[in-house]
1. In nm, what is the difference between 0.36 nm times the number of residues separating Arg51 and Glu36 and their Cα-Cα distance?
2. Hey, in the GNM for the chain with a 10 angstrom Cα cutoff, which one of Asp232, Asp50, Asp83 fluctuates hardest?
3. Using the Cβ atoms and a cut-off under 13 Å, what net charge is assigned to the surroundings of Val20, where Lys and Arg are +1 and Asp and Glu are -1?
4. Taking Rg/Rh (Cα atoms, Kirkwood Rh) as the quantity of interest, determine which of (1) 0.97; (2) 1.08; (3) 0.95 was computed from the displayed structure.
5. Could you tell me the center-to-center distance, by alpha carbons, between the range 119-168 and the range 213-267 in angstrom?
6. Determine the calculated [θ] at 222 nm for the chain from helices alone, applying -39500 (n - 2.57) to every DSSP H run no shorter than 4 residues and normalising by the residue count; nearest 500 deg cm²/dmol.
7. Straight distance only, please: which lysines reach the Cα of Lys263 with their own Cα at less than 16 Å, same-chain residues fewer than 8 apart left out?
8. Can you tally the net charge around Leu103? Count Lys and Arg as +1, Asp and Glu as -1, for every other residue whose Cβ sits under 15 Å from the Cβ of Leu103.
Amino acid sequence: MLKTIGVIGAGQMGSGIAHVCALADFDVKLMDVSREQLDKSLEKISANMDRQVKRSLIQHEDQAAALGRISTGDSMDFLSGCDLVVEAATEVEQVKVKIFQELCPHLTPAAIIASNTSSISITRLASTTDRPEKFIGMHFMNPVPVMKLVELIRGLATDEATFSEIQELTKTLGKIGTVSEDFPAFIVNRILLPMINEAVYTLYEGVGNVEAIDTSMRLGANHPMGPLELADFIGLDTCLSVMQVLYEGLADSKYRPCPLLVKYVEAGWLGRKVGRGFYDYSGDEPVATR
């Protein structure tokens, strides 16, 4: 029975995961090495819950109770006693592996580890821990409080009890779980990121400018957000990481990251989170940068 859920990483995804777990009556331990990031995260969670109260999705007392269930810490030993720890750190394999190696000694033998990775092999990550049978992929969509989907990915060694427990948790959080095999980028990003990469190629080759590409896909394919706007929202560094995982993992030239995407990441133009990507976000309205 899961009661206490740890979340590693107080960025956009970790904050969202902590938010939905706390609203579902779990005690949440949110861990990040940066105290400043933890403070920002709590402010963001509170502000997002304010929005839900205003839209009558939750009651004010639900918000107060949920915020009271979140505690924060900046060391791994803070996570001892957790029944499940969800890792939501940056999408870099070496970073995740280091986290798991530091985390495992602090957990009880029964504790489950889940990774929110959007593309990296669950089998490979699990093999670096002391509990591959209790390791699973739990890929939430962004923004977590709004998006209904969670991709559930078994590693080669994941046991049935772990999978059932996490499948049940997904329902308790009010989400719908789809089961993906452990192949590079799973289902959503296997389809979505090559589309975004193709949109960047379309820009790179001068077929259309940023606004023409995004408007065409919004109005022509009925997408709620154009692919370049969506790339900025995801983070261009994350988009590039996923494309590199696909390219290396499947060895197919159709997954080659567009040189323009690489250039933007090298420039530090990573999208909304830094105020500039395919759009410049410094003014009242986003302005296309190409």
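1. 3.1 nm
2. Highest fluctuation of the listed residues: Asp50.
3. Values: positive: Arg69, Lys148, Lys171, Lys175; negative: Asp25, Asp62.
After counting each charged neighbour, the total is +2.
4. Comparing each candidate, only (1) matches the computed number.
5. If you average the Cα positions of each part, the centres end up 24 Å apart.
6. -13500 deg cm²/dmol
7. none
8. Value of the local net charge: -2.
Every number in this text was worked out from the coordinates using simple rules, so none of it is lab data. Values in this document were obtained by computation on a predicted structure and should not be read as measured data. Don't worry about glycine lacking a Cβ; one is built from the backbone with ideal geometry, like all the others, and counts go over all protein chains shown.
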